[in-house]
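One structure is given below, encoded as structure tokens.
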Amino acid sequence: MFDVLIIGCGPTGIAALAECKANGLKAVGIEMGNKPLSNISKYPDGLVFFSPAEQFQIFDIPLDCKNRKEVSKEEVLFYYSRLINRYRLNIKCNYSFVGIKECQNGLEVLCRTENGVETINTKRVIFTAWFNINEVKLESIKETKVKIYYHFNNAIEFAGKRVIIIGSGISACEACVFLMMSGQQIRLLLRGKKNDWHNNKSFKRLLEITESEVIEEALDIRVHESGICMKKDDETYSFDCEAIIICAGQALNVDSLNIFREFNVIDKELFSQLCKVEPYSKILRKRKTTTLTSQALLEETIKNWPDLQRYVTTGIKGVYFAGSILHVGASAAGIRVSINTAISVVKFICNRDSLAIIKSPAPTLGQNLVKENSHFIDMSAILDIKPYPVKSWTRNTFSVSVLEDDYGMLSTKTESSYYLGSKKDRLIKKIFRLSNGDNSIRDILQKCCDTEEDVKKLVLLLYHLFYHNGLTWFPDTFGFGAPK
């Protein structure tokens, strides 16, 4: 039997698993997708997040990247992969949560797997899988040859095809930009009016260059044999295409909420509240004409938010809640706040003091853990990390020129990044010399620092190097043993 079972293995679920491991709890995570962080994996390749690097961090273990303010999907996936390996987290993928019931010593969680329904016994459950990709179904007039996508990884999938994108949010705009940047002509259908994203100068310029278009107030969209038809201003229009990309954002995981309602973890009133809540960011877009200030609108949103404090502190029937439903940010925003709720839940389970964030303000107002003063950093988690200088085998840091001589022989000329081999700062040079895999951050601090003030400065410098393509780290052990 497990001490804790975590449902959902995105960043919040990974944080809960890591905190369980740090507190000696036997824990397992189940993930509906075929890999951890399956929703993030579905984002377009190269996507840059709005959230800076430190927002994704667990225990302040640095997310090494090329630019902390422009963290890519791939850098986030590299980071969480190493966390899973570092803490040897137990994650079962392709496990869908389909039921829960009480047993003699705790709970039985029913999961649908590739091999049928499996039961996992646990003392407690932490639920983090609040939202899924909203797979809106279009009505089909007749059998169609058009392929419908709800996500894509690379523009090459659509090269040479006529593409229609449906959606009015930022994910639809991102999809348009990714395709138009590859020279793809697109047609974007909006159910409402254009917003600020569609009026962006760069976006409008891409529309012009690729001869693409945006159609507002497209209603009654249906799929036919070779494309779609729609209504606008009481007129019917038809467009042929080979691919339709539907970007409808995130949808609340109502199926899981129904399971908890039947198990009496939530009542009918709370179920209804959770189904109706709208994040502050969505309300702000809707009420552009409101006379309320942004702060007043935020306060109103928090006031109308359901009180879920007991699901963090004590749980109901052994079930705890963590993640995005506990704060007023959009479903995929406020990542730092979501991670903190997961860590807080585990601390409450262990009867430890916790700075639980129950009704957090908007994620944009959340504090970063890395500040100018190093006392904001959880030093205990990073001291044993062994940093390495970034090399070509860890990330595309080098500028490599391939040259061919008169005899057809190839040679390469490599230029290092700013930090590698830099002679501008003796301390940086010393850090790179010590970052050879033999020295931990604790060792480097002992060899480079004489005072507490020196330690603060060096820790901030180390984070600066992690955040600007200078240093990386690997798990301490890999656990496979010697080859046989």
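The values are calculated or read from the model by the stated rules, or taken from the named source; none is laboratory data. All values derive from a computational prediction rather than experimental measurement. Backbone-built Cβ (ideal geometry, glycine too); neighbour counts: all protein chains shown.
At a glance:
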{"item": "Options Leu77, Leu63, Leu17: the member that is surrounded by 20 or more Cβ atoms within 10 Å (Cβ to Cβ) and not in a loop (DSSP other than H, G, I, E, B)", "result": "Leu17"}
{"item": "Some residue of region 105-123 being in a loop (DSSP other than H, G, I, E, B), of a type outside the set (Val, Ile, Thr) and in contact (Cβ under 8 Å) with a residue 24 or more places away in the chain", "result": "yes"}
{"item": "Count - residues of region 433-468 that are in a helix (DSSP H, G or I) and either polar (S, T, N, Q) or assigned by TED's automatic domain parsing to the domain that holds Val71 (or both)", "result": "1"}
{"item": "Positions within region 103-156 being at pLDDT below 90, of a type in the set (Ser, Thr, Tyr) and buried (at least 17 other Cβ atoms within 10 Å of the Cβ), in sequence order", "result": "Thr144"}
{"item": "Search result, residues across region 96-125 that are within 29 Å of the chain's Cα centre (by Cα) and of a type in the set (S, T, N, Q)", "result": "Ser96, Thr113, Asn115, Thr119, Asn121, Thr122"}
{"item": "Test result for Asp255, of a type in the set (D, E, K, R) and modelled with pLDDT of 95 or more", "result": "yes"}
{"item": "Of all residues in region 124-143 being not acidic (Asp, Glu) and not in a loop (DSSP other than H, G, I, E, B), the one that is farthest from Cys350 (Cα to Cα)", "result": "Ser140"}
{"item": "Within region 20-37, tally of residues that are outside any helix (DSSP H, G or I) and crowded, with 17+ Cβ neighbours inside 10 Å", "result": "10"}
{"item": "Search result, residues across region 144-159 that are of a type in the set (Phe, Trp, Tyr) and outside any helix (DSSP H, G or I)", "result": "Tyr149, Tyr150, Phe152"}
{"item": "Options Glu75, Glu102, Glu108: the member that is closer than 16 Å to Thr472 by Cβ and in contact with a Lys or Arg (Cβ under 8 Å, 6 or more places away or on another chain)", "result": "Glu75"}
{"item": "Close pairs (8 angstrom Cβ cut-off, 6 or more residues apart or separate chains): aromatic (Phe, Trp, Tyr) in region 255-266, part of a loop (DSSP other than H, G, I, E, B) anywhere", "result": "Phe260/Ile266; Phe263/Lys317"}
{"item": "Strands (runs of 3 or more DSSP E) contained entirely in region 160-222, each with at least 2 residues that are without any contact (Cβ under 8 Å) to a residue 60 or more places away in the chain and at negative phi", "result": "186-189, 213-215"}
